[in-house]
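Accompanying notes for the structure given below.
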Amino acid sequence: MRGSGLRFWLTWSWRDLRRRWVLVLAIGLLLAGGTGLAAGLGSMEGWRVDSNDRSFAALAVHDLQVEVEEGSYAPEGELLEAARTIPDADLVAGGAERLLAPTQVEAEPGGGEPSVLTPGQLIGVEVEPARTVDGIEVSGPAVDAISVEEGTGLPADSEGAPVAVLDPEYAKENSIEVPGTIVVGEAELELLGLGRSPETFVVLGSGGAFSATQDFGVVFVPLGTAQTLVGREGRVNDLALTLSEGADPELVAGQLQERFAETLPGLGVTITDLEDLDSHRFLYDDAENDQQLFNVFAFLILIGAAFGAFNLVSRTIEAQRREIGIGMALGAPPSRLAIRPMMLGLQIAVIGVALGVGVGLLVNAWLGGLLEDQLPLPIVETGFRAPTFIRAAAIGFLIPLLAAAWPVRRGLRVTPIEAIRVGFRSARGGGLAPLLRRLPLPGTSLAQMPPRNVLRTPRRTILTVLASAAVIAVAVSMFGMIDSFGETVDRNRAAELGDAPDRVTVTLDRFYGEGAAPVEAVEGSAAVADSDRRLSLATKLGDGDQEIDAVLETLPEGAVWTPQLAEGRMPDGAGEILIAASAADDLSLGIGDELQLFHPQRTGPSRFDTEVTTLTVSGLHEDPLRFGAFVDSSVTAGFGLEGRVNQLDVIPAGGQDEGSEAERALASVPGVATVEAASAFGDSLEEGLDEFASVVRVVAVIALLLVLLIAFNSTAINVDERAREYATMFAYGVPVGSVLRLNVVESLIIGALATILGLALGIGILNWVVNVSLEEVLPELGMVVSLSAGSVLFAALAGAGAMALAPLLTVRRLRRMDVPSTLRVME
């Protein structure tokens, strides 16, 4: 063949591109959406792990942490001295003692907003000269240092001075400006700057189960200042240690435990390693589990794009079958006949990759911006990750080439006369359409055409359904996650508020006798209408094989609030306990089973050790958050805390409307550490849900756009393939509206099938996310699987609705069809 060089094929390919540029661009956009979103989502774990590594390293995160039992303290210097005298002391590289205590934080925001009063944590740290590490300013101790993100850190000469550094997220959420002043307890402190340490990268509220940036403030002060504020001069309750490279943490922890028993007998301590640090576990586990989720979403979107592109490219090239047959009849070799359709696939591949890189960069910038805003780290790494983009681009490049090769191979294996035939003579069979002969479908032959067309080409129908269903599943599962979070928050709020929605919890700064001045002052306050006395302890629940954290509370007679029972009964006597249904599931326990309670045991005036008590599960409560556990007040006798109080539940005198005023009045009572409304924790959960929902909605919108592209491309190719059928109907007087209605019904059937399959797949993914992925990252949350009617309606609109509307975009083309030219065919 003359003129069959590269220039000839490029010219011919350019002609095909100009004739089909809308379809080629649409398929390219479909691939670009899938590969671009996959590339952007694929970068998330790498970004987060790199950010975690650099941030923890820059602040010299501890390898071991020694926590003194709640209510106990050690003389300053003795914890560190004990660590320096273990047999393998050379394995200890550095250490810093601290004092941690609950507190109340009050501040005046800028912009004329009302003052802020929330619970918080006071962290007293050793002060050292400021230094720069990995490009950030670092202040505070040599271990678990503080990153300075605004203002200045704690000066080296500020020991005992009334100065502070505040958590930046808390300051941002409450519009607290630097420099300024804040009130911690009853003392006014000069706010020098904003910063965080490794353990406060993720701030857990008083419940300890979820990030609380607005309602829980972390305040760093010099160690001497903290000791003065909490009335524990010369005392500490925490030690952070770093180890030499290659040191065995378990070996050092064992030697530490023995040394403390020798030098500080009767002092209960808990030694944990870096893996037990909440922020470390949360950030790394969350990055890994989120990436698993993103990989599923990226895979489904990419599969949807692949199925859609494969189907559409192959159908586009099958439309050239007659031209291939003519070439075969003229004696052209198959290798040359394959060039033209393969070049169409190459065009789509190049356009898809080019657009995919652009979409990926946009998604990259969007996700990177979200991480910078939401990731609670001093160093956030969101650089371009070339390997991720190359993998996605390679997949996007191969899909249209494979999609083109399939019909070309089929076309070249038939005889020329079979390839040249058009219309009804070209059909090899009716696919699955003959099955409808056994079903008495209502209506005329025209009315029966849509279901027959769906079954006539089962391969095409299945590919279109799979493509749409995969993308719909992403939207369903993501909106289902929002619904599940919302349902969990609602159940927690209902359980916490119960019949006392205005309840306020007052936490004292230590254990007091029932007749102590702080207890009497709270109960006698004019802001209090009713109250009860409780004991609240940080404990662990175990079944012999595993342990989970819990907050144990006593239930006094005539309590102003009691947990809502889901099953069983309230504890009655010293040997029973009420736990959350989610905790019972995690520990494989039921009513009547025994569990182990790991709790503080008072061994002296300021000494506590850890003991184990066996209790029987009397009932389960409805709160989905698993850490709440309740016992009868008589249990405290076995803890060495009989007659002791460290918490009061209060009903404000003015009801719910006066709750904030009551909180302020009670916060000023000497001996009160924190005052918190019962609704505060639910509000914190809802805040986290809103941030998560902003990400979900964007991904869901992208998924919806991909479904619309699949629907539009499928409809456009249908018009090309069935042009002679439509022209024949027009020639017999069938109006354009009737033909359009047939297309809408056919697309609606395919869309309904895609919606049903997408819903089933999406529900399966949702169950995996809630019961497996989130269970590993936030086991305390007790997530409830939920899918609202609105999410199901969205899936129906995204699937069946998008498919049904797509044919309307072809109405102009149908109206302008040249019927005689379309019907003119040379046999």
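Helix 458-497 against the longest principal axis of the chain: what's the angle in degrees, Cα atoms only, rounded to the nearest 10?
The two axes meet at around 20 degrees.
Roughly how many nanometres apart are two label points built 7 Å out from the Cα toward the Cβ at Gln546 and Ala57?
3.3
Can you pull the accessible area of Thr181 for me, 1.4 Å probe, Å² to the nearest 10?
Ignoring ligands and nucleic acids, Thr181 comes out at about 80 Å².
Between Glu245 and Ala93, what is the label-to-label distance in nm when each label sits 7 Å out along the Cα-to-Cβ direction?
Distance between the two pseudo-spin positions: 0.8 nm.
Thinking of the chain as a set of Cα atoms, what percent of all their pairs are more than 35 Å apart? Working shown, then result.
Numbers: 199339 of 341551 pairs.
The calculated P(r) of the chain puts 58 percent of pairs beyond 35 Å.
Provide the per residue accessible area, probe 1.4 Å, for segment 710-777, rounded to a whole number of square angstrom. It would help to have the intermediate numbers written out before the result.
Values: 2670 Å² over 68 residues.
Counting only protein heavy atoms, the per-residue value for segment 710-777 is 39 Å².
Just the ratio, please: alpha-carbon radius of gyration of segment 548-667 over 2.2 N^0.38 Å, N its number of residues. Walk me through the numbers before you get to the answer.
Working: Rg = 15.9 Å, N = 120, 2.2 N^0.38 = 13.6 Å.
Here the answer is 1.17, to two decimals.
Give me the Kirkwood hydrodynamic radius of segment 69-196 in Å, from all C-alpha pairs, to one decimal place? Working shown, then result.
Details: mean 1/r = 0.0619 Å⁻¹.
So the Kirkwood estimate lands at 16.2 Å.
Within the chain, what whole-number % of the accessible surface is contributed by carbon and sulfur, with the 1.4 Å probe and all protein chains included in the calculation? Provide the component values of the computation, followed by the final result.
On the way: 19280 of 34280 Å².
The computed percentage sits at 56.
So what's the angle, to the nearest 10 degrees on a 0 to 90 scale, between helix 445-456 and the longest Cα principal axis of the chain?
Result, in degrees: 70.
Please give, to one decimal in nm, the separation of the simple spin-label points placed at Arg18 and Gln564, each 7 Å out from Cα toward the Cβ.
7.0
Any idea what angle helix 386-412 forms with the longest principal axis of the chain, computed on alpha-carbon atoms, 0 to 90 degrees, nearest 10?
On a 0 to 90 degree scale, this one is about 30.
Is it possible to state the helix-based mean residue ellipticity at 222 nm for the chain, with each DSSP H run of 4+ residues giving -39500 (n - 2.57), the sum divided by total residues, to the nearest 500 deg cm²/dmol? What is it? Please report the intermediate quantities before stating the final value.
Values: 26 runs with 393 residues, N = 827.
Taking each H run of at least 4 residues, the total per residue is -15500 deg cm²/dmol.
The values are calculated or read from the model by the stated rules, or taken from the named source; none is laboratory data. This structure is a prediction, so every number in the text was calculated from the model and none was measured. Here the Cβ is made from the backbone with ideal geometry for all residues, glycine too, and neighbour counts use every protein chain on show. The area values use the complete protein model at the heavy-atom level, side chains included, leaving out ligands, DNA and RNA. Shrake-Rupley method; radii C 1.70, N 1.55, O 1.52, S 1.80 Å.
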